[in-house]
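None of the figures in this text is laboratory data; all of them are computed from the coordinates on show. The structure displayed is predicted, hence computed values, not measured ones. Cβ placement follows ideal geometry from the backbone for every residue including glycine, while neighbour counts extend to all protein chains displayed.
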Amino acid sequence: MGSPERLCPGHGLATSAPSTRGTRGELLVEWAAKVLAAHEDSTWVLREEGYESVRERSVESRLAVSNGFLGLRASIEQPTDASAPRTYVAGFFDTTAKDQVGPRLISGPDWLRLHVVVDGEKAALDAGETLSHCRALHLCCGLLERDWRQRLPSGKVLRLRTARFASLANRSLAGHFALIEVDQPAQLTLECQLTSTTEDLVFVERDGELALWQTAASGRRLAVATSCSLHDAGRSWPDRSFGDGMGRRWEWQMRPRQQALHCQVIAVVREDRNGNLEREARAAWGRPRATDVPALLGRHARAWERRWAASDVVIEGDPAAQQAMRFALYHLIAAANPQDERVSIPARALTGDAYMGHVFWDTEIYLLPFYTFTWPEAARALLMYRYHTLPAAREKAVQFGCQGALYAWQSAETGEEVTPTFDISGAGHVVPIRTGMEEHHVSADIAYAVWQYWQATRDAGLRSSWRRRASGPAGRYQKRTGATTSGASSGRMSITKA
């Protein structure tokens, strides 16, 4: 494991804070410029130079930031036709209008779009000449930066530097900031707006900074609150609202070498079965302002430091292997949420639409050992997801005429079987999918994972909970193969041939 003093060299976000001298705008701009100018050891950062539309969706997934509750793809703030911007909310499932495959993860509204206009010219990758474009994922602190320089058709050069994070210190919060510069005097317009990226999520109503959205199929609600502001060294600029109050617009005159800073904070709360959404949303919001971004980022970076202190693996003499190791560890840390026992880690985590947000056996076999030995609280929450979905596993066993419990091959919120029964091939043929009916080892995988976790942690509370229900998976194998169970008094589930 890496020692804390070796972590995150060169970034210093955990202790970074604005100076105490100067106007608020000066302090914020100075702070943002310092953060965006920081450099790190290459083994702690993953860079993507340039922009290729054919690779964009893969890049957006690899450079995603997440905290186990919110997942932000690395889409650029001025999306192209190749972009797939998403803000995922763990556990926010619903059926969709366009298919009949059962529940899928519904993405929340996109809040990261920035519409920049310079003297009437819209800034876009396909407008003018791209002088440079780079995205950098800072593995040490879960921060995605972007640096873009574009020569517009008029000849003016715009530089846009942005950063985003999903807070590991407060998982309902995420932040974004952008530094804007031009090389010639210009009139600038900046717009940001909450926008749904799918017909499966619709806007309901707004109350001040708090907006309610709901899924189109069942009406499950999502509360989203935002705060945003614009500053330069001299002042904070007032905004005007548009689009039912969901958008903000600023207009101002910029000089060469002047920097303007846009800050934004978002808070998200999903509707659960027994909660009061409005009350929980206002409690989560707690009135953080866009100008609180430095403090939020500092707490977020300190939370990442603590995780790396428990998780880092140092490989000496091979920088490429070291970077690959930290990239894998980064996504493992980013995928988990020890505060929520009602969700697990989907096959694509919170980085893409594939697998519809469904949970597979891979979580218990391939991911859980990492959490067990470095983050037991996260491992426990993942196993408790299976505990809470055991009723659905028992019901599936009944449907198959068996005793005990049979866990779903693909599961979502309730644990019911949600594996599609067919797919359409590239040639247009119907391809049957039988894994939901024929793949039964998932139950043994879960039993094995519970046992391995208990051996490592001696978590008496979890062991007691599972022992009251633990005969289910073994009961399934008794019916199917004639196996028997032994070791019940120790809480261990074993399978032997009769």
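Here are a few things to note about the model shown:
- Computed over every Cα-Cα pair of the range 362-423 and binned at 10 Å starting from 0, the pair-distance distribution P(r) comes out as 22, 42, 30, 7 percent.
- Inter-label distance, nm, simple model (7 Å from Cα along the C-beta direction), Lys122/Asp423: 3.5 nm
- Once the Cα-Cα distance is subtracted from the 0.36 nm per residue extended length, the Ala310 to Ala38 segment shows a gain of 95.5 nm.
- Applying 1/(1 + (r/R0)^6) with r as the Cβ-Cβ distance of Val431 and Ala347 and R0 = 22 angstrom yields a FRET efficiency of 0.75.
- Distance between modelled label sites at Gln187 and Ala320, nm, 7 Å Cα→Cβ extension: 5.3 nm
- The protection proxy used here, the mean number of other Cβ atoms lying within 10 Å of each residue, ranks peptides 319-328, 188-197 as follows, highest first: 188-197, 319-328.
- Cys140, Cys228, Cys402, Cys134 arranged by Cβ crowding within 10 Å, fewest neighbours leading: Cys134, Cys402, Cys228, Cys140
- When only the Cβ of Lys, Arg, Asp and Glu is charged (+1, +1, -1, -1), the dipole of the chain relative to its Cα centre reaches about 1380 debye.
- Helix 441-457 and the longest principal axis of the Cα set of the chain meet at an angle near 80°.
- Among Lys156, Lys396, Lys122, Lys34, sorting on how many other beta-carbon atoms sit within 10 Å of each Cβ, with the fewest leading, yields Lys122, Lys34, Lys156, Lys396.
- If you wrap the Cα atoms of the range 198-287 in a convex hull and average its projected area over all directions, you get 7.5 nm².
- Compactness relative to 2.2 N^0.38 Å, alpha carbon Rg of the range 270-364: 1.40
- Solvent-free Debye scattering, log10 I(q)/I(0), computed from the Cα coordinates of the chain at q = 0.07, 0.13 Å⁻¹: -0.42, -1.28
- Dividing the mean sequence gap of close Cα pairs (under 8 Å, 6+ apart) by how many residues the range 66-202 holds gives a relative contact order of 25 percent.
- Theoretical gain in end-to-end length, Cys134 to Arg289 [0.36 nm per residue, Cα-Cα removed]: 52.9 nm
- Relative contact order for the range 246-370, counting Cα pairs under 8 Å that sit 6 or more residues apart, in percent: 12 percent
- Average Cα contact separation per residue, the chain, under 8 Å, 6 or more apart, as relative contact order %: 14 percent
- Extreme residue, positive dipole direction of the chain, given options Gly102, Ala166, Ser465 (C-beta unit charges): Ser465
- Rounded to the nearest 0.05, the FRET efficiency derived from the C-beta distance between Ser241 and Arg302 at R0 = 35 Å is 0.50.
- For the chain, the longest principal axis of the Cα atoms and the long axis of helix 319-335 meet at an angle of about 70 degrees.
- Nearest-0.05 FRET efficiency for Ala354 and Glu377, computed from C-beta distance (R0 22 Å): 0.20
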